[in-house]
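Colleague: Handing you a structure now.
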Amino acid sequence: MMLDKEFWDQRYLNQETGWDIGNIATPLKTYFDQLSNKELKIIIPGCGNAYEAEYLFNNGFSNVFLIDLSPTALAQFSERVPDFPTSQLICEDFFNHGNKYDLMIEQTFFCAIDPSLRSDYAKHTAEILNPNGKLIGLLFNDKLNTEHPPFGGNKKEYLNYFSPYFNIDIMETAHNSIKPRSGRELFIKLTKK
């Protein structure tokens, strides 16, 4: 299976986005609501419909950047949130992206990439974060699929990927997941070493 630009763009063109919950995930909203620095430079890779970005932008965070392989996903977001700066919509492979950020948001991107890229994901995330930058988000704590995304995993596996590059501030079962994902998601807060 080629998880490339064409694959993901077709998913959005055909509205085959079963992972999309239709709004911001509660654990992320709860985290965002306690942030006071609206100047943080934030990236959301594999952003898809980017409800997290919409929420942040509507709450005064102006330095939010979205990256996705799918031009359709970015165009649909732009239609839904027309005031969002188009210069902050990046149609590119995350692994080729080199700008620096204070905060990276993980929401169903990690589980969508080929599992062989997970070590690269952890390393590249550390590379694009500023000193003391943070990776915040949700990871599936469930087996899920092995032949196609979403690919599952578990805390022990994730610690192997992230521990070389990050201090593990939080990696625990999310207490406020949506019902279908209850007990199956880890909330993570990782700080770049």
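FYI, it's all coordinate maths here, none of it is from the lab. None of these values were measured; they are calculated from a predicted model. All Cβ positions, even for glycine, are placed from backbone atoms using ideal geometry, and neighbour counts span all protein chains on display.
Colleague: Arranged by the count of other C-beta atoms within 10 angstrom, fewest first, what order do M2, M104, M171 take?
Modeller: Working: M2 7, M104 25, M171 18.
Fewest-to-most ranking of M2, M104, M171: M2, M171, M104.
Colleague: Give the lysines reachable from K193 as a straight Cα distance under 20 Å; neighbours fewer than 8 places away on the same chain don't count.
Modeller: K41, K100, K123, K134, K155, K156
Colleague: So what is the relative contact order for region 1-79, in percent, with contacts set as C-alpha pairs under 8 Å and at least six apart?
Modeller: 37 percent
Colleague: Another question, then. I'd like to verify something in the chain: which complete DSSP H helices, judged by Cα projection on the helix axis, reach 24 Å or more and average at least 1.0 on the Kyte-Doolittle scale?
Modeller: Within the chain not a single helix satisfies the rule.
Colleague: Take C111, C47 and order them by how many other Cβ atoms sit within 10 Å, fewest up front.
Modeller: Fewest-to-most Cβ neighbours within 10 Å comes out as C111, C47.
Colleague: Per DSSP H run of at least 4 residues, take -39500 (n - 2.57); add these up for the chain, divide by its residues and hand me the 222 nm value, nearest 500 deg cm²/dmol.
Modeller: So the helix-based figure for the chain works out to -8000 deg cm²/dmol.
Colleague: Separate question: For the chain, what is the relative contact order in percent, using Cα pairs closer than 8 Å and at least 6 residues apart in sequence?
Modeller: Values: 337 pairs, mean separation 37.2, N = 193.
Normalised by residue count, the contact order of the chain is 19 percent.
Colleague: In Å, what Kirkwood hydrodynamic radius results for the chain from the alpha-carbon pair distances? Please report the intermediate quantities before stating the final value.
Modeller: Numbers: mean 1/r = 0.0598 Å⁻¹.
For the chain, the Kirkwood estimate is 16.7 Å.
Colleague: While we're looking at this one, here's another question. If packing is taken as the mean number of other Cβ atoms within 10 Å per residue, what is the order of 29-41, 59-71, highest first?
Modeller: Highest mean packing first, the order is 59-71, 29-41.
Colleague: Given region 1-95, report the % of alpha carbon pairs whose separation exceeds 20 Å. Kindly include the intermediate steps, with their values, before the conclusion.
Modeller: On the way: 1566 of 4465 pairs.
When every Cα pair of region 1-95 is considered, 35 percent fall beyond 20 Å.
Colleague: Compute the relative contact order of region 91-181 as a whole-number percentage, counting only Cα pairs closer than 8 Å that sit 6 or more residues apart in sequence. List each step's numbers first, then the result.
Modeller: Details: 95 pairs, mean separation 26.7, N = 91.
Contact order relative to length: 29 percent.
Colleague: Would you kindly work out the equivalent ellipsoid of region 61-143 from its C-alpha gyration tensor and give its semi-axes, the square roots of five times the eigenvalues, largest first in whole Å? Walk me through the numbers before you get to the answer.
Modeller: Values: eigenvalues 96, 54, 31 Å².
Semi-axis lengths for region 61-143 are 22, 16, 12 Å.
Colleague: Project the alpha carbons of region 82-127 onto their principal axes and report the range along each, largest first, in whole Å.
Modeller: 36, 20, 17
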